[in-house]
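Step one of this worksheet: look at the structure below.
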Amino acid sequence: MTIALHRLPSAPPVDARALDRLHRAAPAIARAAVEEAADAGRVPEGLDHALQTAITQFLDPARHPETTALMLFHHLGAAAADHGMPLHDVDAAQQTAIGTAVQRLAEQALRLGVLARPDEAGLLARRAFAYADRLKDAATAGYNEASRPDPDPAQRRLITLLLRSSPTRLQLKQAAEQAGWTLPRTIAVVAFSPGPRRPARHLLPDVLAHPARGCLLVPDPDGPGRGAALERMLHAIPSALGPTVEPTRAAASLRLARHTLDLVATGVITASGPVPAMEHVPDLMIMNDPEPVRRLAERQLAPLAHHPPKKRAVHVQTLRTWFVCGFNTSATAERLHVHAQTVRYRIRQLELLFGPDLYDPDQSLNYMIALHAWTLMSSPDGHGIWQT
């Protein structure tokens, strides 16, 4: 049984009541939330994001691969170990949160008629808890990897400090000296998917690695030959490269690298790795909080709402290319690989649909955002913004 995501208005959020029950079941996580741990991968924030991804994947496995959620829970387990939290607290938090979310999902699905019979709700619950077991295994694997004795404790302390949100340069310099590592002028963080293949670190021996958290810290990433060596190091490993930053801001680089890797795993970004996060900033901005952009797209592209999906897809592709080409018909035709007369015919249709707003400079940015969002959120057959 598969529930299509588009038949539900949205995946229920992990609300304050669920998190309150989670914190009661897992006191170590509650303490971390109160203390607002500085680590960028702190467990309360990471759990919420991992859980939302898991719910989305559970609802629509055809469009959202399970590997994304498993990877996030692997990182979650590693983050818990880094904070010294007991594994049973992580398990309790996960089971409490998953159970709360699935219960709400089942109730919502029954109200909407997506589940017609009570036994289907039971099947949904059984599938959900089997899925939760797989997430638990991933979190346990990350926890165990991060808990293994490190052959170089000084280097491990340095990596942990680098991945905090606001270390001082003096703290980093002292930790680097203790670890025998030269603190660079700039750094970038690579996020990669855990798996049997590991990065070939011998190609860049000064790179710091945290396999359990699925990341590499790359000194002076823009130096001569560094980019090519990084590509060889990560050959055939799904990965994303965060922006180049000062070492005190490595956590921000990791955060953007992970968001980019999420979009690669879900197919939003189709480039091969290591995918530079800064080449996909519009995608990151839109998918980080898609609801306002979805509403903008619904408003700006409303004249297309009642068209058949395939025709709608052609209109959007033509309009987007036409905007990118500065309303140049010949350039648009060349990019679309169609005759210029075909573009002229399509544009006349679009002018009738949208009116003079198409040429209003104040609306240009809104149209470009809406068209890009439609492309990201829609399937090739034209479904996405409107599920008709």
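So here's what we get for this one:
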| read-out | value |
| --- | --- |
| Boolean, Thr266 is open to solvent by 20 Å² or more (accessible area, probe 1.4 Å), on the phi < 0 side of the Ramachandran plot and within 14 Å of the chain's Cα centre (by Cα) | yes |
| Criterion violated by Pro221 - all others in (1) under 30 Å from Leu319 (Cβ atoms); (2) touching a residue at least 12 places away in the same chain (Cβ under 8 Å) satisfied | (1) |
| Residues (hydrophobic (A, V, I, L, M, F, W, C) and free of Cβ contacts under 8 Å to residues at least 60 places away in the same chain) located in segment 263-274 | Leu263, Val264, Ile269, Ala271 |
| Filter result (among the β-branched types (Val, Ile, Thr) and within 17 Å of Thr375 (Cα to Cα)) within segment 316-331 | Val316, Thr318, Thr321, Val324 |
| In segment 239-260, the residues that are under 15 Å from His75 (Cβ atoms), open to solvent by less than 10 Å² (accessible area, probe 1.4 Å) and either in a helix (DSSP H, G or I) or of a type outside the set (A, V, I, L, M) (or both) | Ser239, Gly242, Ala251, Leu254, Ala257, Thr260 |
| Residue identified as open to solvent by less than 50 Å² (accessible area, probe 1.4 Å), assigned to a helix (DSSP H, G or I) and either modelled with pLDDT under 75 or among the hydrophobic types (A, V, I, L, M, F, W, C) (or both) among Leu123, Leu110, Leu105 | Leu105 |
| Residue in segment 248-262 that is free of Cβ contacts under 8 Å to residues at least 60 places away in the same chain and touching a strand residue (DSSP E or B) at 6+ places or on another chain (Cβ under 6 Å) present | no |
| Any helices (runs of 4 or more DSSP H) falling wholly within segment 275-379 and containing at least 3 residues that are open to solvent by 30 Å² or more (accessible area, probe 1.4 Å) and either in contact (Cβ under 8 Å) with a residue 24 or more places away in the chain or under 30 Å from Ala236 (Cβ atoms) (or both) | 281-288, 290-300, 309-324, 340-354, 361-377 |
| Members of segment 259-310 that are of a type in the set (Lys, Arg) and modelled with pLDDT under 90 | Arg294, Arg295, Lys310 |
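The values are calculated or read from the model by the stated rules, or taken from the named source; none is laboratory data. Quantities reported herein were computed from a predicted structural model and do not represent experimental measurements. Cβ sites come from the backbone with ideal geometry, for glycine too, and all protein chains shown count toward neighbours. For the accessible areas, the whole protein counts, side chains as well, though only heavy atoms, and no ligand, DNA or RNA atoms are used. Shrake-Rupley method; radii C 1.70, N 1.55, O 1.52, S 1.80 Å.
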